[in-house]
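Engineer: Quick one: structure below, then a few questions.
The values are calculated or read from the model by the stated rules, or taken from the named source; none is laboratory data. Because the structure is a prediction, the values reported are computed rather than measured. Ligands, DNA and RNA are excluded from the accessible area calculation, which covers all protein heavy atoms including side chains. Shrake-Rupley method; radii C 1.70, N 1.55, O 1.52, S 1.80 Å.
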Amino acid sequence: MSPRLPLSFALLLPALAGCGDAWVAPAAGSPVPVVAPLAAEPQAAGNQARFVVDGQEFRFSTPGIRRSRARAGEGVLAHSIELANGDNSLYARVVLQVPAGREGLDGDYRAVQLGSPGALGQAGVGEVVLAEETDARRGRRMLPSGSGSIRVRREGADYVVVFDVRGDDLFRAADAGAITGELRFAAGP
(Lines give C-alpha, C1' and ligand atoms only; values in the text may rest on other atoms or scores of the structure.)
Protein backbone atom coordinates (compact mmCIF):
# COMPACT_ATOMS: atom_id res chain seq x y z
CA MET A 1 0.00 0.00 0.00
CA SER A 2 1.29 3.42 -0.89
CA PRO A 3 2.07 5.65 2.14
CA ARG A 4 0.19 8.48 0.39
CA LEU A 5 -3.13 6.62 0.30
CA PRO A 6 -4.02 7.02 4.04
CA LEU A 7 -2.92 10.67 3.89
CA SER A 8 -5.10 11.29 0.79
CA PHE A 9 -8.07 9.68 2.49
CA ALA A 10 -7.50 11.72 5.67
CA LEU A 11 -7.49 14.95 3.62
CA LEU A 12 -10.57 13.96 1.60
CA LEU A 13 -12.74 12.88 4.55
CA PRO A 14 -13.32 16.40 6.01
CA ALA A 15 -14.23 17.70 2.55
CA LEU A 16 -16.82 14.96 2.07
CA ALA A 17 -18.22 15.52 5.56
CA GLY A 18 -19.17 19.08 4.59
CA CYS A 19 -21.19 17.92 1.59
CA GLY A 20 -24.27 17.07 3.62
CA ASP A 21 -26.79 14.34 2.95
CA ALA A 22 -26.66 14.75 -0.83
CA TRP A 23 -23.56 12.55 -0.93
CA VAL A 24 -24.63 9.90 1.58
CA ALA A 25 -26.14 6.78 0.05
CA PRO A 26 -29.60 6.00 1.41
CA ALA A 27 -30.80 2.49 2.29
CA ALA A 28 -30.13 -0.30 -0.19
CA GLY A 29 -32.35 -0.15 -3.25
CA SER A 30 -32.83 3.64 -3.05
CA PRO A 31 -31.20 5.85 -5.67
CA VAL A 32 -28.46 8.25 -4.62
CA PRO A 33 -29.49 11.87 -5.25
CA VAL A 34 -27.86 13.14 -8.44
CA VAL A 35 -28.25 16.84 -7.75
CA ALA A 36 -27.89 18.62 -4.43
CA PRO A 37 -30.88 20.74 -3.32
CA LEU A 38 -31.04 24.20 -4.88
CA ALA A 39 -30.15 27.40 -3.03
CA ALA A 40 -31.34 26.87 0.55
CA GLU A 41 -34.92 26.02 -0.33
CA PRO A 42 -36.98 24.03 2.15
CA GLN A 43 -36.96 20.35 1.36
CA ALA A 44 -40.62 19.41 1.07
CA ALA A 45 -42.13 16.79 -1.18
CA GLY A 46 -45.08 19.16 -1.60
CA ASN A 47 -43.48 20.99 -4.55
CA GLN A 48 -45.48 19.62 -7.49
CA ALA A 49 -46.28 20.36 -11.11
CA ARG A 50 -48.98 19.00 -13.38
CA PHE A 51 -49.80 20.15 -16.90
CA VAL A 52 -51.80 18.87 -19.86
CA VAL A 53 -50.71 19.47 -23.45
CA ASP A 54 -52.86 18.18 -26.32
CA GLY A 55 -54.49 15.62 -24.04
CA GLN A 56 -51.21 14.29 -22.64
CA GLU A 57 -50.68 14.80 -18.91
CA PHE A 58 -47.28 15.39 -17.32
CA ARG A 59 -46.72 15.47 -13.55
CA PHE A 60 -43.81 15.43 -11.15
CA SER A 61 -42.83 16.39 -7.64
CA THR A 62 -39.51 17.68 -6.43
CA PRO A 63 -37.98 18.37 -3.03
CA GLY A 64 -36.23 21.57 -4.15
CA ILE A 65 -37.22 24.66 -6.06
CA ARG A 66 -35.36 27.67 -7.35
CA ARG A 67 -36.75 31.05 -6.40
CA SER A 68 -35.57 34.49 -7.49
CA ARG A 69 -36.77 38.06 -7.47
CA ALA A 70 -35.70 40.90 -9.74
CA ARG A 71 -36.74 44.44 -10.55
CA ALA A 72 -39.05 44.42 -13.58
CA GLY A 73 -39.65 48.15 -13.83
CA GLU A 74 -40.32 51.19 -11.70
CA GLY A 75 -42.11 49.86 -8.62
CA VAL A 76 -42.55 46.35 -10.06
CA LEU A 77 -40.85 43.11 -8.98
CA ALA A 78 -40.76 39.85 -10.94
CA HIS A 79 -40.98 36.72 -8.75
CA SER A 80 -39.70 33.59 -10.51
CA ILE A 81 -40.30 30.05 -9.20
CA GLU A 82 -38.80 27.04 -11.02
CA LEU A 83 -39.45 23.34 -10.49
CA ALA A 84 -37.80 20.42 -12.30
CA ASN A 85 -37.85 16.68 -11.89
CA GLY A 86 -34.68 14.73 -11.04
CA ASP A 87 -33.39 14.25 -14.59
CA ASN A 88 -34.65 17.65 -15.87
CA SER A 89 -36.91 15.99 -18.44
CA LEU A 90 -39.86 17.94 -16.99
CA TYR A 91 -39.61 21.60 -16.04
CA ALA A 92 -42.04 24.33 -14.98
CA ARG A 93 -41.47 28.00 -14.24
CA VAL A 94 -43.87 30.77 -13.37
CA VAL A 95 -42.85 34.43 -13.29
CA LEU A 96 -45.26 36.87 -11.67
CA GLN A 97 -44.91 40.65 -11.83
CA VAL A 98 -46.24 42.35 -8.71
CA PRO A 99 -46.03 45.86 -7.26
CA ALA A 100 -42.89 46.32 -5.14
CA GLY A 101 -43.65 46.07 -1.44
CA ARG A 102 -46.74 43.91 -1.93
CA GLU A 103 -47.12 41.07 0.55
CA GLY A 104 -47.83 37.71 -1.08
CA LEU A 105 -48.44 36.59 -4.63
CA ASP A 106 -52.19 35.83 -4.42
CA GLY A 107 -54.31 37.11 -7.28
CA ASP A 108 -55.17 36.85 -10.95
CA TYR A 109 -52.54 37.53 -13.60
CA ARG A 110 -52.79 37.91 -17.35
CA ALA A 111 -50.44 35.44 -19.06
CA VAL A 112 -48.10 37.12 -21.56
CA GLN A 113 -44.62 36.82 -23.04
CA LEU A 114 -42.65 38.78 -20.48
CA GLY A 115 -40.09 39.84 -23.09
CA SER A 116 -42.76 41.66 -25.11
CA PRO A 117 -42.90 45.48 -24.99
CA GLY A 118 -46.43 45.48 -23.51
CA ALA A 119 -45.29 43.48 -20.46
CA LEU A 120 -42.25 45.54 -19.51
CA GLY A 121 -42.68 47.06 -16.07
CA GLN A 122 -46.34 46.09 -15.83
CA ALA A 123 -47.75 44.58 -12.62
CA GLY A 124 -50.49 41.94 -12.82
CA VAL A 125 -48.96 39.96 -15.66
CA GLY A 126 -47.11 36.66 -15.61
CA GLU A 127 -45.55 33.99 -17.75
CA VAL A 128 -45.62 30.21 -17.55
CA VAL A 129 -42.81 28.27 -19.22
CA LEU A 130 -43.06 24.49 -19.42
CA ALA A 131 -40.69 21.99 -20.98
CA GLU A 132 -40.85 18.26 -21.49
CA GLU A 133 -38.31 15.88 -22.93
CA THR A 134 -40.04 12.53 -22.66
CA ASP A 135 -39.34 11.50 -26.28
CA ALA A 136 -35.61 11.29 -27.02
CA ARG A 137 -36.25 11.31 -30.80
CA ARG A 138 -38.12 14.62 -30.65
CA GLY A 139 -35.96 16.29 -28.02
CA ARG A 140 -37.00 18.98 -25.56
CA ARG A 141 -40.31 20.68 -26.26
CA MET A 142 -40.52 24.23 -24.88
CA LEU A 143 -43.96 25.61 -24.08
CA PRO A 144 -43.90 29.30 -23.05
CA SER A 145 -47.18 31.15 -22.60
CA GLY A 146 -48.29 33.83 -25.00
CA SER A 147 -51.72 34.56 -23.56
CA GLY A 148 -54.22 33.20 -21.08
CA SER A 149 -54.70 33.36 -17.34
CA ILE A 150 -52.78 32.54 -14.19
CA ARG A 151 -54.48 32.38 -10.78
CA VAL A 152 -52.45 32.19 -7.56
CA ARG A 153 -53.91 31.35 -4.15
CA ARG A 154 -52.40 30.61 -0.77
CA GLU A 155 -53.26 27.25 0.82
CA GLY A 156 -51.67 26.94 4.25
CA ALA A 157 -47.88 27.05 3.80
CA ASP A 158 -48.10 26.60 0.01
CA TYR A 159 -48.97 28.60 -3.07
CA VAL A 160 -51.13 26.95 -5.70
CA VAL A 161 -50.84 28.32 -9.25
CA VAL A 162 -53.59 27.30 -11.69
CA PHE A 163 -53.05 28.26 -15.31
CA ASP A 164 -54.80 28.10 -18.68
CA VAL A 165 -52.42 29.41 -21.34
CA ARG A 166 -52.00 29.47 -25.11
CA GLY A 167 -48.86 29.36 -27.23
CA ASP A 168 -46.48 32.21 -27.99
CA ASP A 169 -46.50 31.69 -31.81
CA LEU A 170 -42.81 30.81 -31.71
CA PHE A 171 -42.61 27.46 -29.92
CA ARG A 172 -46.35 26.72 -30.13
CA ALA A 173 -49.05 28.26 -32.29
CA ALA A 174 -51.12 30.90 -30.53
CA ASP A 175 -54.32 29.25 -31.77
CA ALA A 176 -53.31 25.75 -30.62
CA GLY A 177 -55.31 24.17 -27.81
CA ALA A 178 -54.91 25.60 -24.33
CA ILE A 179 -52.32 24.16 -21.96
CA THR A 180 -53.76 23.76 -18.49
CA GLY A 181 -52.16 22.82 -15.22
CA GLU A 182 -51.28 23.50 -11.65
CA LEU A 183 -48.12 24.18 -9.70
CA ARG A 184 -47.83 23.81 -5.92
CA PHE A 185 -44.81 24.99 -3.95
CA ALA A 186 -43.82 26.15 -0.50
CA ALA A 187 -44.62 29.84 0.01
CA GLY A 188 -41.13 30.41 1.43
CA PRO A 189 -39.72 33.73 2.58
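Engineer: From the phi angles alone, apply the Karplus equation (6.51, -1.76, 1.60; θ = phi - 60°) to segment 60-71 and give each ³J(HN,Hα) in whole Hz, x where the residue is Gly or Pro.
Structural biologist: 3J(HN,Hα) across segment 60-71, in whole Hz: 7, 10, 8, x, x, 9, 10, 10, 8, 9, 8, 5.
Engineer: Sticking with this structure for a sec: With every protein chain left in place, what is the accessible area per residue of segment 47-186 in square angstrom, probe 1.4 Å? Present the calculation step by step, with values, prior to reporting the outcome.
Structural biologist: On the way: 6780 Å² over 140 residues.
So segment 47-186 comes to 48 Å² accessible per residue, rounded to a whole number.
Engineer: Find the Cα radius of gyration of segment 49-166, compare it with 2.2 N^0.38 Å by division, and give the number to two decimals. Spell out each step's value before the answer.
Structural biologist: Values: Rg = 14.4 Å, N = 118, 2.2 N^0.38 = 13.5 Å.
Ratio of Rg to 2.2 N^0.38 Å for segment 49-166: 1.07.
Engineer: Please give the solvent-accessible surface of Y91 in Å², to the nearest 10, using a probe radius of 1.4 Å with every protein chain present.
Structural biologist: Probe radius 1.4 Å; accessible area of Y91 about 40 Å².
Engineer: Tell me, what is the 1.4 Å probe accessible area of S80, in Å² to the nearest 10?
Structural biologist: For S80, solvent-accessible area is about 20 Å².
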